[in-house]
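J.: Could you have a look at this structure, given as structure tokens, before my questions?
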Amino acid sequence: MTPLLLRPATRDDEPFLWAMLYEASHAAEDLTSPDALRTLPELSRYVDGWGGPDDLGVIGGTAAHPRGAAWIRRFTSENPGYGYVDDTTPELAIAVAPAARGTGLGTALLTRLITDSQPRYPAISLSVRAENPARRLYTRLGFTEVAGSEITNRAGTTSVTMVLRFQ
Ligand SMILES: CC(C)(COP(=O)(O)OP(=O)(O)OC[C@H]1O[C@@H](n2cnc3c(N)ncnc32)[C@H](O)[C@@H]1OP(=O)(O)O)[C@@H](O)C(=O)NCCC(=O)NCCS
């Protein structure tokens, strides 16, 4: 079996992160390609200009083929992400390519990202659709739901904010 590779996301990974953002945001429901994300500021802000000093991410797959990514980026109260809690807490985005889901890659990516972010940030937040099975993964790794955080998402259903606090 090809060994699973986990490595830090670099500036050069931006094209792959656009593809993973397309998955993470369920954009196929109303868009036709990752390129279309660039026209939507509420989604493009998670990837656009990736690689700044504050950005932190993990890419997973094989050396030749990345299959998934987990990354965090900080937002401010003037431009809050969907899962914004405060200016010091970066927000997570995560996706695995459809054919590679359910085999442990998402767990491995998020576990590594948590380890890497713990020395740098007080917490990580995320926004997840209420019906997304990924909530079980987040709960297993220590995220808890923020009371009263329900919002109506782009699909018109409910999303909740979850937070993992390090201190
Ligand atoms: C969520 C996701 C990143 C998890 O990666 P993965 O490699 O499938 O994860 P794992 O194999 O480590 O399984 C961990 C958990 O992921 C979730 N999961 C597994 N397969 C999934 C799938 N096909 N779709 C959605 N979530 C799935 C489950 O909660 C699973 O835990 P469980 O077995 O206790 O239910 C991946 O399934 C995915 O990209 N889903 C679509 C995009 C998405 O929803 N991103 C998160 C937005 S908040």
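The values are calculated or read from the model by the stated rules, or taken from the named source; none is laboratory data. Because the structure is predicted, anything quoted here is derived from the model rather than measured. Glycine gets a Cβ as well: all are built from the backbone with ideal geometry, and neighbour counts include every protein chain shown. All accessible areas refer to the heavy atoms of the entire protein, side chains included, with ligands and DNA or RNA removed. Shrake-Rupley method; radii C 1.70, N 1.55, O 1.52, S 1.80 Å.
J.: For the chain, what is the accessible area per residue in Å², given a 1.4 Å probe and the full set of protein chains?
T.: So the chain comes to 51 Å² accessible per residue, rounded to a whole number.
J.: If you don't mind, another one. Calculate, axis by axis, the spread of Cα positions in the chain along the three principal axes, and write the results as whole Å, longest axis first.
T.: Extents along the principal axes, in whole Å: 45, 39, 31.
J.: Would you mind calculating the gained length between ARG129 and LEU141 on full extension (0.36 nm times residue separation, minus the Cα-Cα distance), in nm to one decimal?
T.: 2.6 nm
J.: Once the Cα gyration tensor of the stretch 1-99 is diagonalised, what are the square roots of 5 times its eigenvalues, in whole Å and ordered largest first, as equivalent ellipsoid semi-axes?
T.: Each semi-axis is the square root of five times an eigenvalue, giving 22, 17, 11 Å.
J.: Ok, one more. Using a cut-off of under 14 Å, list every residue of the stretch 45-85 whose amide N is near the label point 7 Å from the Cα of ARG38 along the Cα-to-beta-carbon line.
T.: 45, 47-50, by backbone N distance to the label point.
J.: Would you mind calculating the relative contact order of the chain from Cα pairs under 8 angstrom and at least 6 residues apart, reporting the percent as a whole number?
T.: With pairs under 8 Å counted, the relative contact order is 19 percent.
J.: Return the whole-Å distance between the Cα centroid of the stretch 34-70 and the Cα centroid of the stretch 94-119.
T.: Rounded to whole Å, the Cα centres lie 14 Å apart.
J.: Tell me, what % of the accessible area of the chain is carbon and sulfur with a 1.4 angstrom probe?
T.: C and S atoms contribute 54 percent here.
J.: Can you give the Kirkwood hydrodynamic radius of the stretch 57-107 from its Cα pairs, in Å with one decimal?
T.: Roughly 12.3 Å, rounded to one decimal.
J.: Which is the longest stretch in the chain that no exposed loop site breaks, taking sites as GluC sites (Glu not before Pro) with a DSSP loop state and at most 13 other Cβ atoms within 10 Å?
T.: The longest uninterrupted stretch comes out as 1-77.
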